[in-house]
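Here is the structure we will look at, set down as structure tokens.
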Amino acid sequence: MKTNDLLFSAFYIVVLLIAGTQLSKLSDTNSAMVSSKLFPTLVIGAGLAVGVIETLRTLIAKTPDGAPSFSMVWSKAFAARRMMLLGVFVVYLFTITLVGFLVATSVFCFVAIILLTPKPRPSTFLGAAIVTAGTIGVIYELLVVYLQAFLP
Amino acid sequence: MYDLVLQGAASVFQPWPLIAIMVGVAGGLVIGSIPGLTSTMAIALLVPITYAMDIKIALPLLMGVYCGAISGGLVGAILLNIPGTPASASTCLDGFPMAAKGQATRALGLAVYSSMIGGTISGLALMTIAPLLAKVALSFGPWEYFSLVVFTFSCISAMSVKGRAVKAFMAAFIGLALALVGLDEASGQVRMTFGFTSLEAGFNELPALIGLYAIPQLLADCDDIGKAGTLLKIDYNLRTFMGTFSEVMTRKRDLLRSSFIGIVIGILPGVGPGLSNIVAYSQAKRASKHPEKYGTGELPESVMSPEAANNASMGGALIPMLTLGIPGDASTLMMLGAFMLHGIDPGPLLFRDNGTIVWIAFISFFVAFAFCTVIYHFFIPLTVKAISVPRYYVIPILLILCVVGCYALNNRMFDVYCFLGFGLLGYLLEIARVPVLPVILGLILGPMAEKQLRLALAFGQDSLTPFFTRPISGTILAVAILSLIVPPLLARYRSYRRRSLNEEIA
Amino acid sequence: MMKKLAIVLAATAAATTSAWAFPDRPIQLIVPFSPGGGSDVAARVFQTCLKDHFDGQVLVKNVTGARGKIAEVEVRDARPTGYELLWAHQGMDMGKATGRSDYNYTAFEPVASTVAMNYGIFAGANSGIDSVATLKKDVKANPGKYSVGMALNGFSHFAALDFMDQAGIPVDDIRVIPMSGDKNRIVSAIQGNLTLVPTAVGAAKPYVKSDDLDAVAIQASERDPSLPDAKTAQEQGSDSNFAMYFTTFAPKGTPKDVIDTLAKAWVAAAKDPACQAKLQQQAMRAVPASGEELKKELAQRYQRIEDLADKFNLHTQK
């Protein structure tokens, strides 16, 4: 599990370093007593310090017993079904602006239900269609008609 | 004063206001319990509609929704491990493990009854000592606020698994760094945007919260599809549910402590329920004789403390709003707008000029809690049924609702993309076994810390001494530092004693 | 629902057959600040006024962030059909003048300006400052003792600078404390940590009435009816005139007849006495202007902002 912790530390330090590159772009406002640079510098400085210390500690420390192994965690995290759902969802988000919320949502809802169902049968399609229609109907009725809200 | 109370009561206890509260509470509960739909969204959508209503109906309705939606967060937190609002973020920590053990009813019962008690205590405080509490709120300068932020930050150590506290702090620093993105409101400088205009608004904490919790959890839920028996075993029956009330009453000390924390934090404008539940949870853990059992869902007080505190904060948050006209959070800000559009000036004179309105608010708040508790007894069985719907239906619908909820907060697709981005971040953190709660805490605390630090330094002419010399600020800082240092030392001492005892026996 | 749909359909059909196709669906009036704030309240009050003068539906949509820039950019880049309008104040021009953004009001097609909110300079009651004269005297006696809270390069900053410029108070003698939000400034002033609060009259009103704040000067040519005892800056010998004007903008390239239809309705609504009464209740006033007259006013206002930014060297990011 050490590998995972080290990967996290690396990710963390990289994120803060990227943030740190933006610090130099900040100017000290001439009319302010306390600049808008102070706090970001504090946060990123302290954050990096904590990160480096923890990385060193992880390197020295023994692996605690009972922690799940590296390969197990990652194969579970990237299981086919999870990635499939995530993929469909990402595609869905980016089609909303292209084809409109109602169309994109109906397609996503329908497709996702069918993909997630373990053994699709003809009845699955019917169920998916009913659930989709119901969801869209409720959202539209409630938000647009009653609450005068806006849909994406 | 008494005739004002009576007038207020007389105008609340009419059919229409009561129906308004009931509808508000029920709607709020539904919205609050569905992950993705937040109380802020509910109020944002509702406030414009109330402009057209009579204030005597609009106000009870808003109070009902406010109570219902924040309280409803516990259902999502316990049954799905996705908190509906930041207010129930720490309810997840023990509520979900308890439910996963097959004790969903117990967890829900504990949460509901402790909510009720926390809310009632704060309602009483609201009615009896509101002006006094308002004075306390006004005595909080930037020094005190900043110390409080430091203290809340120190609570992270108490919330994390043994040996991984530093990892939790790292997560908090990620949150703090993300909070820096965007326009700095006070100085007018744009920071960390890498030149993107859409980043100038920064990250909104609610899409972040929903993303961080919902996406990892819903992806993980995919594994359960098609496997029998991995779903939550629901053992709901009304007797077990109501039986938890006596269990709640066995933990009076935790209830009182959490309610007190909730009220005190609630009355400070801008802090509110989102932080009080975290502070209450960590204080309960620190005071507990079995801190190692926190996070496993065994102890009743670990579920009760955050819920008592967040409900107590709601009443607290109304105090600065009603007595000083100062909004505590996005929800109370919108309610203030509703007041203004009804021609009522929220401000220090509200009590004097529109005393009846204030009492309508107070009494509606109380009634809303009563309704809330009653409605829960019918609502919980429904949610339990909803949970047992096959996951392949639930997951897509919840994702869609999250999208709608994130969009409706600010009518921007950017927030929906943030939801996805934070979801991926949350997924990575989950893989690394790092908690996501500190990220949210960092996002909320970052801007607050910066604002108060800047003001404290500016008002105090760049001097740091007031942080320590001002009595309240100094006390809070001292407690924060002690709470970071003492528990590890105590643990070391205990293990040392145990070892020496063992040696003696041997 | 079906009935509503039928009405909408009928209306659409009627509209398309007539020469006027506009408006055939609801118009979004985009408010760049959050629900409950001054901008939002102004827009929503005006929305109710429009009902009698405009036969289309106007919906208020809040898009917040980056002091309004997010909403401004959204409308600027929207399709110029007149269905997406912006409800902006001079904050947009201040963004350009200080180099925070690269556009000002000229990137839009102005429809009409309708509502204005008076601004003023207020002081904490325990500071003992209650007029321009006492302020001048005290600042001269103790340079560096008094402070003013403002959101740098934002509306409150420009309003305060305009006042100090006109009143002849040296800016360097007052400590500038960067802080945003009317209520934050007011609380700090009540606590005694801050001396001067530039804020909208409506926001300060309840606190002046409860004697927590004193009005130093109202930055308008006439006294504000909601605080009739507060003197204007002009009365006290400094010609500071700085109100927050809410102007409705359409994207550049919106057809002229659409703009004219909107402007006519907007101005008619603002001239309605019932509407003016509603606005006054919120410490706002109606300032109907459209067409060339409006363009001239916008240019004047922008010029003053540029001048102040030049004079006080606010081009930090240019």
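The values are calculated or read from the model by the stated rules, or taken from the named source; none is laboratory data. From a predicted model like this one, the values you see are computed outputs, not experimental measurements. FYI the Cβ positions are ideal-geometry reconstructions off the backbone, even for glycines, and counts take in every protein chain you see.
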Inset, instruction - Would you point out which residue out of C:187, C:171, C:208, C:201 is touching a helix residue (DSSP H, G or I) at 6+ places or on another chain (Cβ under 6 Å) and not polar (S, T, N, Q)? - result: C:171
Inset, instruction - Could you tell me which residue of the range B:166-195 is nearest to residue C:95 (Cα to Cα), considering only residues that are away from chain C (no Cβ under 11 Å) and surrounded by fewer than 20 Cβ atoms within 10 Å (Cβ to Cβ)? - result: B:195
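Table: residues versus (1) surrounded by fewer than 24 Cβ atoms within 10 Å (Cβ to Cβ); (2) modelled with pLDDT under 90.
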residue: B:39; (1), (2): no, yes
residue: B:65; (1), (2): no, no
residue: B:95; (1), (2): no, yes
residue: B:113; (1), (2): no, no
residue: B:116; (1), (2): yes, yes
residue: B:120; (1), (2): yes, yes
Legend entry - Filter pass, residue A:36 being at pLDDT below 80, more than 8 Å from chain B (Cβ to nearest Cβ) and within 19 Å of residue C:152 (Cβ to Cβ): no
Inset, instruction - Check whether at least one residue in the range C:245-258 is in a loop (DSSP other than H, G, I, E, B), touching a helix residue (DSSP H, G or I) at 6+ places or on another chain (Cβ under 9 Å) and closer than 30 Å to residue C:214 by Cα, and report yes or no. - result: no
Legend entry - Check on residue A:120, at pLDDT below 85, buried (at least 17 other Cβ atoms within 10 Å of the Cβ) and not assigned by TED's automatic domain parsing to the domain that holds residue A:19: no
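Considering the range B:340-356 alone, what residues qualify as being of a type in the set (A, V, I, L, M) and either within 9 Å of chain C (Cβ to nearest Cβ) or crowded, with 23+ Cβ neighbours inside 10 Å (or both)? Break it down stepwise before answering.
Within the range B:340-356, the first condition is being of a type in the set (A, V, I, L, M), and the residues that meet it are B:340-341, B:344, B:349-350.
Once the filter is applied, which keeps residues that are of a type in the set (A, V, I, L, M) and either within 9 Å of chain C (Cβ to nearest Cβ) or crowded, with 23+ Cβ neighbours inside 10 Å (or both), the range B:340-356 yields B:340, B:341, B:349, B:350.
Conditions tested, residue by residue: (1) surrounded by fewer than 20 Cβ atoms within 10 Å (Cβ to Cβ); (2) within 17 Å of residue B:286 (Cβ to Cβ).
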{"residue": "B:131", "(1), (2)": "yes, no"}
{"residue": "B:145", "(1), (2)": "no, no"}
{"residue": "B:158", "(1), (2)": "no, yes"}
{"residue": "B:163", "(1), (2)": "yes, no"}
Inset, instruction - Among the residues of the range B:439-480, write down those that are within 10 Å of residue B:146 (Cα to Cα) and more than 24 Å from the chain's Cα centre (by Cα). - result: B:454, B:455, B:456, B:467
Inset, instruction - Test residue B:133 against the stated conditions and say whether it is within 17 Å of residue B:318 (Cα to Cα) and either outside any helix (DSSP H, G or I) or away from chain C (no Cβ under 14 Å) (or both). - result: yes
Inset, instruction - Could you list, in sequence order, all residues of the range C:92-116 that are surrounded by fewer than 24 Cβ atoms within 10 Å (Cβ to Cβ) and within 24 Å of residue C:232 (Cα to Cα)? - result: C:116
Inset, instruction - Select from the range C:148-190 the residues that are facing chain B (nearest Cβ under 9 Å) and among the hydroxyl-bearing types (Ser, Thr, Tyr) and list them in ascending order. - result: C:180, C:188
Legend entry - Of residues in the range C:33-62 being under 16 Å from the mean Cα position of the chain (by Cα) and hydrophobic (A, V, I, L, M, F, W, C), the one nearest to the other protein chains (Cβ to nearest Cβ): C:41
Legend entry - residue C:286 vs. criteria part of a helix (DSSP H, G or I) and either in contact with an Asp or Glu (Cβ under 8 Å, 6 or more places away or on another chain) or not assigned by TED's automatic domain parsing to the domain that holds residue C:227 (or both): no
Inset, instruction - Select the helices (runs of 4 or more DSSP H) contained entirely in the range B:1-79, then report the ones holding at least 1 residues which are among the charged types (D, E, K, R) and under 30 Å from residue B:352 (Cβ atoms). - result: B:2-12
Inset, instruction - Name, by its number, the condition in (1) charged (D, E, K, R); (2) more than 10 Å from chain A (Cβ to nearest Cβ); (3) closer than 28 Å to residue B:205 by Cα that does not hold for residue B:385. - result: (3)
Inset, instruction - Would you check if residue B:282 is farther than 21 Å from residue B:120 by Cβ, buried (at least 24 other Cβ atoms within 10 Å of the Cβ) and modelled with pLDDT of 85 or more? - result: yes
Legend entry - Among (1) touching a strand residue (DSSP E or B) at 6+ places or on another chain (Cβ under 6 Å); (2) within 12 Å of another protein chain (Cβ to nearest Cβ), the one test that residue C:82 misses: (2)
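Quick check on this structure: which one of B:495, B:500, B:473 is under 30 Å from residue B:330 (Cβ atoms) and more than 14 Å from chain A (Cβ to nearest Cβ)?
On the way: B:495 fails: under 30 Å from residue B:330 (Cβ atoms); B:500 fails: under 30 Å from residue B:330 (Cβ atoms).
Just one listed residue meets the conditions, B:473.
Every residue, every condition in (1) closer than 30 Å to residue A:109 by Cβ; (2) at the interface with another protein chain (Cβ under 9 Å from one of its Cβ atoms); (3) at pLDDT 80 or above, yes or no:
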| site | (1), (2), (3) |
| --- | --- |
| A:51 | no, yes, yes |
| A:55 | no, no, yes |
| A:60 | no, no, yes |
| A:63 | no, no, no |
| A:67 | no, yes, no |
| A:79 | yes, yes, yes |
| A:83 | yes, yes, yes |
| A:86 | yes, yes, yes |
Legend entry - Unmet criterion (only one of (1) surrounded by fewer than 24 Cβ atoms within 10 Å (Cβ to Cβ); (2) assigned to a helix (DSSP H, G or I)) for residue B:316: (1)
Legend entry - Residues located in the range C:150-163, provided they are at pLDDT below 90 and on the phi < 0 side of the Ramachandran plot: C:150, C:151, C:152, C:154
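If you take the residues in the range A:106-117 that are touching a residue at least 12 places away in the same chain (Cβ under 8 Å) and not aliphatic (A, V, I, L, M), which one is surrounded by the most Cβ atoms within 10 Å (Cβ to Cβ)? Talk me through it step by step, then tell me what you get.
Step one: filter the range A:106-117 for residues touching a residue at least 12 places away in the same chain (Cβ under 8 Å), giving A:106-116.
Okay, now just the ones that are also not aliphatic (A, V, I, L, M), so A:106, A:108-110.
Values: A:106: 16, A:108: 22, A:109: 24, A:110: 18.
Of everything passing the filter in the range A:106-117, A:109 is surrounded by the most Cβ atoms within 10 Å (Cβ to Cβ).
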Legend entry - Residues located in the range A:12-33, provided they are at pLDDT 75 or above and facing another protein chain (nearest Cβ under 7 Å): A:12, A:15, A:16, A:19, A:22
Inset, instruction - For the range C:187-210, indicate whether the set of residues that are closer than 26 Å to residue C:143 by Cα, aliphatic (A, V, I, L, M), in a loop (DSSP other than H, G, I, E, B) and touching a strand residue (DSSP E or B) at 6+ places or on another chain (Cβ under 8 Å) is non-empty. - result: yes
Inset, instruction - Take the range C:133-147 and flag every residue that is within 11 Å of another protein chain (Cβ to nearest Cβ) and either part of a helix (DSSP H, G or I) or surrounded by 18 or more Cβ atoms within 10 Å (Cβ to Cβ) (or both). - result: C:147
